[in-house]
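The values are calculated or read from the model by the stated rules, or taken from the named source; none is laboratory data. Treat the numbers as computed from the prediction; the structure is a model and nothing was measured. Positions of Cβ are backbone-derived with ideal geometry, glycine not excepted, and every protein chain shown enters the neighbour counts. Note: areas computed on protein heavy atoms with side chains; ligands, DNA, RNA excluded. Shrake-Rupley method; radii C 1.70, N 1.55, O 1.52, S 1.80 Å.
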Amino acid sequence: MAATPACPPSVRDLAYPAGSLVLLTGLPGAGKSTLLDRLYGLRGDETGPVAAGGAQVIDSRQSRAWWAPRLSSLPVRLRTPVVHTTHMARIVRALLAGHAVVAHSRGTWPHILYGLAWIARLNGTGLHLIMLDVEPKTAREGQVTRGRVVAGPLFARHCRRWRTLVARARTGALPPAASVTILDRPAADLLRAIRFDAP
């Protein structure tokens, strides 16, 4: 596994093997969806994966939007597991169909990383992480801006798990990933493309 520190501003294009899973991770509110919007022209109201840049681009908002009219009567705590399961299933389905995938993930649950890495390996490819590493205050401000604020105790757990994952990534001790790129906010703002090599 290759791990990088917070990327210098000169890193503007990231390239991966054909058919790979690139997982964009970070705290809730870190700017993952914003980055996908900018790189792939997403509007935020899509209800399914979007084919762009040689990959299937899968954001959890797509599953949330698809379920919204169907589960509007349920409280958020009951809708969230359904949305998350749908999001993960779409990632797995796209991988098994042979697509390169760029997907959004909170990235603070190790079992999710291990599971997706296992599926990617079964498919003859690998899991590559792009970690958006921002301060919890910045992530909290992002939650307020988008209008979905994570409850305090849950956000605190996300922050603890995130700190552990970033520390492991910086020392090269994150086994599930074939590669890791850690971006701070200025570096993420300069990223202009995620590319996949021709098969």
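In the set (1) under 18 Å from GLN56 (Cα atoms); (2) out of contact with any Leu (no Cβ under 6 Å at 6 or more places or on another chain), ALA151 fails one condition alone, (1).
Among the residues in segment 34-50, are any assigned to a strand (DSSP E or B), among the hydrophobic types (A, V, I, L, M, F, W, C), surrounded by fewer than 21 Cβ atoms within 10 Å (Cβ to Cβ) and out of contact with any Pro (no Cβ under 6 Å at 6 or more places or on another chain)? Scanning segment 34-50 turns up at least one residue that is assigned to a strand (DSSP E or B), among the hydrophobic types (A, V, I, L, M, F, W, C), surrounded by fewer than 21 Cβ atoms within 10 Å (Cβ to Cβ) and out of contact with any Pro (no Cβ under 6 Å at 6 or more places or on another chain). For the subset of segment 126-184 comprising residues that are within 22 Å of GLY44 (Cβ to Cβ) and charged (D, E, K, R), which member is least open to solvent (accessible area, probe 1.4 Å)? Restricting to residues being within 22 Å of GLY44 (Cβ to Cβ) and charged (D, E, K, R), the top hit is ARG140.
Check whether at least one residue in segment 53-65 is open to solvent by 30 Å² or more (accessible area, probe 1.4 Å), modelled with pLDDT of 95 or more and in contact with a strand residue (DSSP E or B) (Cβ under 7 Å, 6 or more places away or on another chain), and report yes or no. For segment 53-65, residues open to solvent by 30 Å² or more (accessible area, probe 1.4 Å), modelled with pLDDT of 95 or more and in contact with a strand residue (DSSP E or B) (Cβ under 7 Å, 6 or more places away or on another chain): present. Taking the stated definitions as given, is ALA89 touching a strand residue (DSSP E or B) at 6+ places or on another chain (Cβ under 6 Å) and either modelled with pLDDT of 90 or more or part of a helix (DSSP H, G or I) (or both)? Spelling it out, it is not the case that ALA89 is touching a strand residue (DSSP E or B) at 6+ places or on another chain (Cβ under 6 Å) and either modelled with pLDDT of 90 or more or part of a helix (DSSP H, G or I) (or both). Restricting segment 101-115 to residues that are closer than 14 Å to ASP59 by Cα and either hydrophobic (A, V, I, L, M, F, W, C) or in a helix (DSSP H, G or I) (or both) leaves a set whose member that is farthest from the chain's Cα centre (by Cα) is VAL101.
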